[in-house]
Structure formats: structure tokens, C-alpha cells
Amino acid sequence: MSPAVIVLLLSLLLGLQPITTDLYLPALPVLTAGFAAPMPQAQLTLTALLLAFGVSQLVWGPLSDRFGRRPILLIGLSAYVLAAIGSTLAPSMTALIVWRTVQGAAMGAAVMCARAIVRDLYNPVQGARVMSKGLSGLGVIAFLSAPVGGLLTEAFNWRFALLALAVFGAASLGMIVWRFEESLQRKNLAALQANTLLATWKSIARHPTFLAFSALSAASYGGLFTFLASSSFVFMNVLGLSKTHYGALMALNSLAYIGGTFLCRHWLPRFGVRRTLQWAGALSLGGGTMMAALSLAGLQNVWAIMLPQLLFVVGHGIHQPCGQSGAVGPFPHAAGAASALNGFLMMLAAFATGSWLGGHMNGTVLPLTLGVWFWSALIALSAWTLVQKYGEPK
């Protein structure tokens, strides 16, 4: 596979995650009202999806180490398309939650394999640069997702927004069938044996480099998910924006993320991993602190949230490629398992955040702003301590 094909495939596989969440966000208040569902139940359509996404990777990872990335991608993407169709036709909020849970489990195969493919083909430092290119592609997909979701919901209804996910999944599946060549050169025939699997999990979970980068990537995703899970309610229900205007703000958020991935590629060869993440930690903490301070001071409007959020998400665009590739770096022969555990920890942070938000959304901006502030502090703590001590990949 040429480098361009690899980046394109990574963009599609990694982009499955933001399109599954972001394109759906403008429709969330509408379908919540349409089903006459309480807000905690509506939040389950996101948190259950992400919990299934995280847990499923613990299964997909060892399977991909044993059988290769290609068969797992074919199975996972096929199941994703079927679940997207089921979500589109869901007759109730309960049915929608079930189908979204299946969709999350299927999505786990694609995103986990993308991270493992990077480790199959590149060393950790090269992998961070390649991952940043794939995540730039993810940013483009995220940039388009919320506006498209808002337009589809405004012009038709929320079911068309969910149907768009089936179309994207089918296109990604077609690209894998057409262009992807197996990246795992040596399959681990013992990957599914109980003793081997337990020993692998133990060695990964105890490795200080894995823990350092996983703490960073999980905290960074927790902050992003706080914004994603609450922003549609805050901007549309509290601050009165239309679906189209909300989609435009989400597109702006994605542009800042893309900028962060480009900045990552510029800083890595100049500063190295540790110093790059020091600067990125300052961006994250600066954005989160500014957002919280403005809201606590009573300045609660769109730009008092968005300007600090843009600073935060630039940092996120640096933390994610470094964190995801760094966590998998020490495990070239168990990249699937390491990728799976890293992904599980990120989704565990997201699930905890979504569960907390479901019970604390109170008609103000504070659950969003204070939540982002909390995660920004954990990001800076990880970047300035754990990563500095254990984080330089070899």
C-alpha cells in the first residue's frame, strides 16, 4: 500500500468515531422530544454506544492479533452498516439505544485496527506522525459531520442523519475490500490462549509507557466528550442557537482540531515527544481554565465557551496522535491488544463523563465548562509528570 492509501484508509477508519457521534448531535434534542424521552435516557444513546465501543475493543484486539486486521475489519464494518440501518428504523428510544450499542461494538473493530495498523507498519515516532495525518483526515470528517447532520435534520428528519452513517460505513467497507492489504506480517497463533492472553494484558497494563500515554489520551478524550455530549443541549436549548448554527460551531471546533494535528507534525521533529506534549498540556489547561473562569464570572455566551474550547481542542489534536501511538509503541507483537486496552480506557473516561452529565445537566452552561476544566487539569498533570518520566518512545 502506498503512503497515501494508508493515510486515506486510516482517515476513514478513525473517522468512523466522530461521524457516529458528531453527525448525530444536532438531531439529539429533536429525537429526544420526538420520543418524549428523559434526558438521561437520551444520553444513553451516546454513552451506551461508547461503552460498547470501549469494551468491544478488548475482544477485537486479540482476535486481530490472531487472525489479522483484514478479517476483523470486514466483520466489524459489515456489522456497523447493519446497526446503522437498525438505528434509522428504530421505533422507540429503547430500540435506538440497543442498535446504537451494537453500532458502538462494531465501530470498535475499525478504530482499534487503525491504531494497530500504524504500529504494524511504523516505529512509535514515525507512527505519531502518520497517526497525526490520519487524525487530520478524521478532523475533516468531523468538520463535515455536524453541519451535515444539522442540514439533514432540518431538511428531512433525524432518521436521515442516522441513515447517512450507514452510507459512510458502506463506503468504508468498500475501500477496505478494494485497497487494504493485510498489515500484520506475523500472526500470533497463541493470542487467544487464556494463559497467553492474561500474560499479555498484564504486561501491557503494568508498562509505565503505556500507562503514561493512556492517561494522557483518556483525559484528553474525556474533555472532548464532555463538550460533545453536552454542547447540543447548551448551545441550542440554553443559548438558543439553531441546528445549522450549532453545526457551524462544531465545524469550527473540527478546524481547530485539524490545526492541532498539523501543529503536532511541525513540533515533533523540532521538539520531540516530551516537549511537544508539555506545550500541548499548556494549551489544554489554558483553554479549560479560561472557559471555567468566564462561566463562573457570569459571562455565559457562545464565544465565552467557544474561544477557550478552540484552544483546548488544538491541544487535543496533539495529545491524541502522540498518546495513541505512544501507548501501542512498546508492543509490536501485541499491537491489537495494546490498542484495544488504550481504546477501552478512553471510552471508560467518556462513559463516566456521559453518565455524570446525564444527571447534572441543569439548564446552565456550567456542567460543560466545569467538566472541560476538570479534564484539562488531568491532561496537564499527565503531560507534565507521567509523560516526562516514562513517555519517550523507543
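The values are calculated or read from the model by the stated rules, or taken from the named source; none is laboratory data. Since this is a predicted model, take the numbers as computed values, not measurements. So basically every Cβ, Gly included, is an ideal-geometry build from the backbone, and we count neighbours across all protein chains shown.
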Select from region 181-227 the residues that are crowded, with 20+ Cβ neighbours inside 10 Å and of a type in the set (Phe, Trp, Tyr) and write down the one among them that is farthest from Phe67 (Cα to Cα).
Phe227
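Taking region 131-161 as the search range and keeping residues that are aliphatic (A, V, I, L, M) and out of contact with any helix residue (DSSP H, G or I) (no Cβ under 6 Å at 6 or more places or on another chain), which one is farthest from Val55 (Cα to Cα)?
Going residue by residue through region 131-161, those that are aliphatic (A, V, I, L, M) are 131, 135, 138, 140-142, 144, 146, 148, 151-152, 155, 161.
Narrowing further to those that are out of contact with any helix residue (DSSP H, G or I) (no Cβ under 6 Å at 6 or more places or on another chain): 140, 144, 148, 151, 155.
On the way: Val140: 27, Leu144: 28, Val148: 29, Leu151: 32, Ala155: 36 Å.
So the residue we want is Ala155.
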Across region 12-33, what is the number of residues that are assigned to a helix (DSSP H, G or I) and within 18 Å of Gly108 (Cβ to Cβ)?
11
Checking Arg129 against (1) at pLDDT 95 or above; (2) under 17 Å from Gly323 (Cα atoms), only one condition comes out false. Which one?
(1)
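Any idea which of Thr88, Thr101 is under 17 Å from the mean Cα position of the chain (by Cα) and crowded, with 18+ Cβ neighbours inside 10 Å? Outline the logic, then answer.
Values: Thr88 fails: under 17 Å from the mean Cα position of the chain (by Cα).
Exactly one of Thr88, Thr101 is under 17 Å from the mean Cα position of the chain (by Cα) and crowded, with 18+ Cβ neighbours inside 10 Å, namely Thr101.
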Residue under question is Ala106, and the condition is that it be crowded, with 22+ Cβ neighbours inside 10 Å and part of a helix (DSSP H, G or I); does it hold?
yes
In this structure, does Ser220 turn out to be touching a helix residue (DSSP H, G or I) at 6+ places or on another chain (Cβ under 8 Å), outside any helix (DSSP H, G or I) and either free of Cβ contacts under 8 Å to residues at least 60 places away in the same chain or small (Gly, Ala, Ser) (or both)?
no
Scan region 136-163 for residues that are surrounded by fewer than 19 Cβ atoms within 10 Å (Cβ to Cβ) and under 19 Å from Ala83 (Cβ atoms) and report the count.
3
Considering each of Ala340, Ala335, Ala383, Ala352 in turn, give the residue that is buried (at least 24 other Cβ atoms within 10 Å of the Cβ), among the aliphatic types (A, V, I, L, M) and within 15 Å of the chain's Cα centre (by Cα).
Ala340
Where a residue in region 187-211 is in a helix (DSSP H, G or I) and its partner, wherever it lies, is of a type in the set (Val, Ile, Thr) and crowded, with 18+ Cβ neighbours inside 10 Å, with Cβ under 7 Å and at least six apart
Phe210/Ile204
I'd like the full set of residues that are crowded, with 24+ Cβ neighbours inside 10 Å and either polar (S, T, N, Q) or touching a Leu at 6+ places or on another chain (Cβ under 6 Å) (or both), limited to region 112-127.
Cys113, Ala114
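So, in region 138-161, how many residues would count as being of a type in the set (A, V, I, L, M, F, W, C), assigned to a helix (DSSP H, G or I) and more than 30 Å from Gly68 (Cα to Cα)? Don't jump to the end; show me each part of the working.
Filtering region 138-161 for residues of a type in the set (A, V, I, L, M, F, W, C) gives 138, 140-144, 146, 148, 151-152, 155-156, 158, 160-161.
Pick out the ones that are also assigned to a helix (DSSP H, G or I) and you get 138, 140-144, 146, 148, 151-152, 155, 158, 160-161.
Now restrict to residues that are more than 30 Å from Gly68 (Cα to Cα): 143-144, 146, 148, 151-152, 155, 158, 160-161.
Of the residues in that region, 10 qualify.
Table: residues versus (1) more than 30 Å from Leu189 (Cα to Cα); (2) assigned to a helix (DSSP H, G or I); (3) among the aliphatic types (A, V, I, L, M).
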site	(1), (2), (3)
Ala292	yes, yes, yes
Ser295	yes, yes, no
Ile305	yes, yes, yes
Leu310	yes, yes, yes
Val313	yes, yes, yes
His316	yes, yes, no
Gln320	yes, yes, no
Gln324	no, yes, no
Ala327	no, yes, yes
